[in-house]
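Structure first, then comments.
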Amino acid sequence: MLVEDTPDIAVWLATALRQAGLEVTHAADGRLALEALAPGHGLDLVLLDLQLPEVDGLGVLEALRRRGDEVPVLVLTARASVPDRVLGLQLGADDYLSKPFELAELEARIQALLRRPGRMKSPLLRLGALEMAPDTGEVLWQGQALALTPREVAALQALLMSPQRPVSKDALHERVFGAEAAEREAVEVLIHRLRKKLETLTGAQGVRIATFRGMGYMLTATTDV
């Protein structure tokens, strides 16, 4: 996941990394990053800017490590001083790259972090008989694969990662569309389509997407509705 608040930089980096064969999601501030990085997030790596609105990068990093989340974090920042680098590493950053940087070096550092030994598969996300493998995006209902689009999978994963807590429209927009110039109404269209698919594919004893006015959306089992 790329956590960067400058739109031009976010689009440039996300595009370059996707062209390099990586799957990239984007958060534009620290609060949205922490929502996306809720327990069970299934992300392989975080590219983290330090100068973020809402919650700064060091706050995001500290929150992750405090709860025992060992997802690799590569800090990307214009703060090039030694004290800043030392503080970031002390808080649990795995690597540090000062802006401006060459894409080739960034890609090399990303691959080095992804190759580190001891990285385990993320646990399955579950709600009733619905299961998702965060590492592959495969979605199963009662052991049978469901046919969902990549954006539907991204939205469903965000909902599964937030049990008993609504996910805001803004958080879903960042999770699904990242730095793309998509209208906020695109989230409503996507949720409507995903809701209909889940109702059809999981049947009467399946899962549903509940709407909480002013708060967002939450995935529920039919017995909980």
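Only one residue of ALA10, THR211, HIS173 has its Cα farthest out toward the positive end of the dipole of the chain, where Lys and Arg carry +1 and Asp and Glu -1 on Cβ, and that residue is THR211. Once the Kirkwood radius over Cα pairs is known for the chain, the Stokes-Einstein relation at 4 °C and 1.567 mPa s delivers a diffusion coefficient of 71 µm²/s. Taking packing as the residue-averaged number of other Cβ atoms within 10 angstrom, the listed peptides 49-57, 186-194 run from highest to lowest as 49-57, 186-194.
Dividing the alpha-carbon radius of gyration of the range 2-114 by the rule-of-thumb value 2.2 N^0.38 Å gives 0.97. Scoring 70-77, 15-22 by mean Cβ neighbours within 10 Å over their residues and listing the highest first yields 70-77, 15-22. Pairs of Lys residues in the chain that lie 8 or more places apart, or on two chains, and have C-alpha atoms under 29 angstrom apart add up to 4. Residue by residue, the range 2-16 carries 3J(HN,Hα) couplings of 9, 10, 8, 9, 8, x, 4, 5, 4, 5, 4, 5, 4, 5, 5 Hz when phi is fed to the Karplus relation 6.51 cos²θ - 1.76 cosθ + 1.60 (θ = phi - 60°); x denotes Gly or Pro. Remark: the range 33-42, residue by residue, has Karplus-estimated 3J(HN,Hα) of 4, 5, 5, 5, 9, 4, x, x, 5, x Hz, where x stands for each Gly or Pro and the curve is 6.51 cos²θ - 1.76 cosθ + 1.60 at θ = phi - 60°. Hey, what angle do you get for helix 150-160 against the long axis of the chain, alpha-carbon based, 0 to 90 degrees rounded to 10? Here the helix axis deviates by roughly 90 degrees. Rounded to the nearest 20 debye, the dipole magnitude of the range 31-75 is 140 debye, with +1 charges on Lys and Arg beta carbons, -1 on Asp and Glu beta carbons, and the Cα centre as origin. Karplus-based coupling profile of the range 98-110, in residue order and whole Hz: 7, 7, x, 9, 8, 4, 4, 5, 4, 4, 5, 5, 4, with θ = phi - 60° in 6.51 cos²θ - 1.76 cosθ + 1.60 and x standing for Gly or Pro.
Readers should treat all values here as calculations from the given coordinates under stated rules, not as data from a laboratory. The shown structure was predicted, so the numbers you read here are calculated from the model rather than taken from an experiment. Cβ: placed from backbone, ideal geometry, glycine included. Neighbour counts: every protein chain shown.
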